[in-house]
1. What accessible area per residue, rounded to a whole number of Å², is obtained for the range 183-317 using a probe radius of 1.4 Å?
2. Using protein chains only and a probe of 1.4 angstrom, how many square angstrom of LYS555 are accessible, to the nearest 10?
3. Please list the three semi-axes, largest first and in whole Å, of the ellipsoid equivalent to the range 253-302, using sqrt of 5 times the eigenvalues of its alpha carbon gyration tensor.
4. Out of LEU323, GLY272, PRO337, whose Cα points farthest toward the positive end of the dipole of the range 248-347 (charges: +1 Lys, Arg; -1 Asp, Glu; placed on Cβ)?
5. What does DSSP give for the chain in terms of the percent of beta bridges that are antiparallel, rounded to the nearest 5?
6. Any idea what angle helix 410-422 forms with the longest principal axis of the chain, computed on alpha-carbon atoms, 0 to 90 degrees, nearest 10?
7. So what's the Cα pair-distance distribution over the range 270-356, bin width 10 Å, in %?
8. Between (i) -0.29, -0.42, -0.94, -1.28; (ii) -0.21, -0.31, -0.69, -1.03; (iii) -0.27, -0.39, -0.81, -1.11, which matches log10 I(q)/I(0) by the Debye sum over Cα atoms at q = 0.05, 0.06, 0.09, 0.11 Å⁻¹ calculated for the structure shown?
Amino acid sequence: MPQQPFGEPDEGTDEDGSGFSRRLVLGAGVAGGLAVGTGALDPAEARRKPDGRHTTLARTLVKGPKGKLGYRPIVVGPGEPHIVRNEMVRQLRRRPAPGQRRGILAMGQLTDMHVLDAQSPARVEFLDRYNDPDSAFASVLPFQSSYRAHEMLSTQVAEATIRAMRRVGRGPVTGLPLAFSITTGDNVDNTQYNELRWQIDLLDGKRIVPDSGDPTKYEGVSDQAVYDVRYWHPDGPPPGQAADLPTANFGFPRMPGLLDACRRPFHARGIGMPWMSVFGNHDGLLQGNVPANPLVSPVTTGNTKIYDLPPNTDIVTLAGWLLKGDPRGLQTLFGGPTRPVTADPNRRPLSRMETIAEHFNSTGKPHGHGYSAWNLATGNAYYTFTKGRVRGIALDTVNPFGGAEGSIDETQLAWLTQKLKAGSRHYLDESGRVVRGGKHDRLFVIFSHHTIDSMDNDAGTGRVLGPQVRDLLLRFPNVVLWVNGHTHRNQVIAHKRKKSAKAPGGFWEVNTASHIDWPQQARTVELVDNRDGTLSIFATMVDHAGPTSYGKNPKSPLDLASLSRELGANDWQDRGPFPAGQDGRRGLIEDRNVELLVPAPFRF
């Protein structure tokens, strides 16, 4: 079946031109059992043999044994095969015959890059300490992502991740070329223009200068201008000062010269395939939480940096103000002591409309990276695109009223409902009856930044939360997959229809960890028709291209990315202990490399 170009075709056009009426499988169950292994794929669809060498099918990167003060290196672990999850189908009885399976589509997912300007005056790193293990507020305040020891290396991690996805190139199960990669939100950290330009240019393959302010020196909390032991200082302490706490308490290394190496220009490789973009809370809200405010822009582009709260600030009261959007929150936050830094107009915060528009200033494909003239005209950041029989729906789950968690409005819900109806010949109405929809069946894959569970932000009026969106999707058997990020944790969840429903199965939610926090991984996702009344969704983890060890003096982007991965793995706020079987943000083994079975909603 030929692939269709990006863009949304006319709903009245039969894509393959055959005129064949594809019957939706409703209430019929699964005939003849299901395949459990990778099986064989139609050789006409796989132009070369499946290859998992550059994925975690071949090897994994894991935390090594604890060293001094509990600090752990990264070591190579065994590969992980796909775990079959069949919660939505009947008992498995047989494997597919040779050549029975057919690949439908292969894609890459990158998420939560958090490409950030670590020298930005608008950053509020001093809040992060209230989530340190020794803080009385560690479990109740939402400031844990305000500072990371490795945050000056985000462009290098993004480069290593992009290189890894480009190197994979094809689905490791089907051998199909990756039709596109999609970044599912939090592409940047603080809505800044320079952050977004770095992210777009990294994907396009341009020269990157990961620096801002003074081009001759680093001006951020990791330097020694205002020495604070709560931050990691890779050059060590100033003469006569005590070692910083990350080094003294948690075994972090000394890395002299890192603050120059992290700012060194490099030429990005580029992802080498079409790429799409989804809007996340850090793309639309200051520090991922606060709507645009006239107080902030002068701080972001200005020549002073706040490095602490005003004396005697009540941190709980401040957190409440910030969460409620009370103006006293920002006034307090930006009212503390300051240090001089170099001003930079490229740090200016972007509006949603400006962020959408900047995606058209790109040499990559497709033009606009999912956004269209309609998005430019309306300011809405949701859209659809089509690849063959697969219809992708990218949602905008960011609440413009503020808050890190997500939701959508009634207008977007109505838009989503209309798109689902138009691409479903049959679906279930609100009472569970089978009704007729559009003229043509599409296989729907939903993309968003937030997960269903994290769509609980009802700030503002008329916001629609995750359970309502989930229940809508469960009325449409053509929806088989929802891909998202936000939690910085690998997790795969089955959303099943009620047993009484007149359609078997449901859809899978695939949530992938971030590139800013350990394990700094991406995924490939492949859709496969088993030709026995079922589909398989193969999700495969991909480690970034940084080597296991970064050496004594890392300077190249890949070596610096390797250092970032190790520092992230040793984050003192995320050392555990974890529930049995769970490897921190890597999740359970059944959340990583998986084969997810679902009844086929129609014949392909």
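The values are calculated or read from the model by the stated rules, or taken from the named source; none is laboratory data. What you see is a predicted model, and the numbers here were worked out from it, not measured in a lab. Note that we place each Cβ from the backbone using ideal geometry, even for glycine, and neighbour counts take in every protein chain shown. Heads up: the accessible areas ignore ligands, DNA and RNA and are worked out on the full protein's heavy atoms, side chains in. Shrake-Rupley method; radii C 1.70, N 1.55, O 1.52, S 1.80 Å.
1. On the way: 4920 Å² over 135 residues.
Counting only protein heavy atoms, the per-residue value for the range 183-317 is 36 Å².
2. In the full protein context, LYS555 sits at about 110 Å².
3. Working: eigenvalues 156, 108, 26 Å².
Working from the Cα gyration tensor, I get semi-axes of 28, 23, 11 Å.
4. GLY272
5. Working: 52 of 77 bridges.
Of all bridge pairs located within the chain, approximately 70 percent are antiparallel.
6. Taking the Cα atoms of the chain, the angle to 410-422 is about 30 degrees.
7. The percentages, shortest bin first, are 14, 39, 31, 11, 4, 0.
8. Computing log10 I(q)/I(0) by the Debye sum over Cα atoms at q = 0.05, 0.06, 0.09, 0.11 Å⁻¹ and matching it to (i) -0.29, -0.42, -0.94, -1.28; (ii) -0.21, -0.31, -0.69, -1.03; (iii) -0.27, -0.39, -0.81, -1.11 gives (ii).
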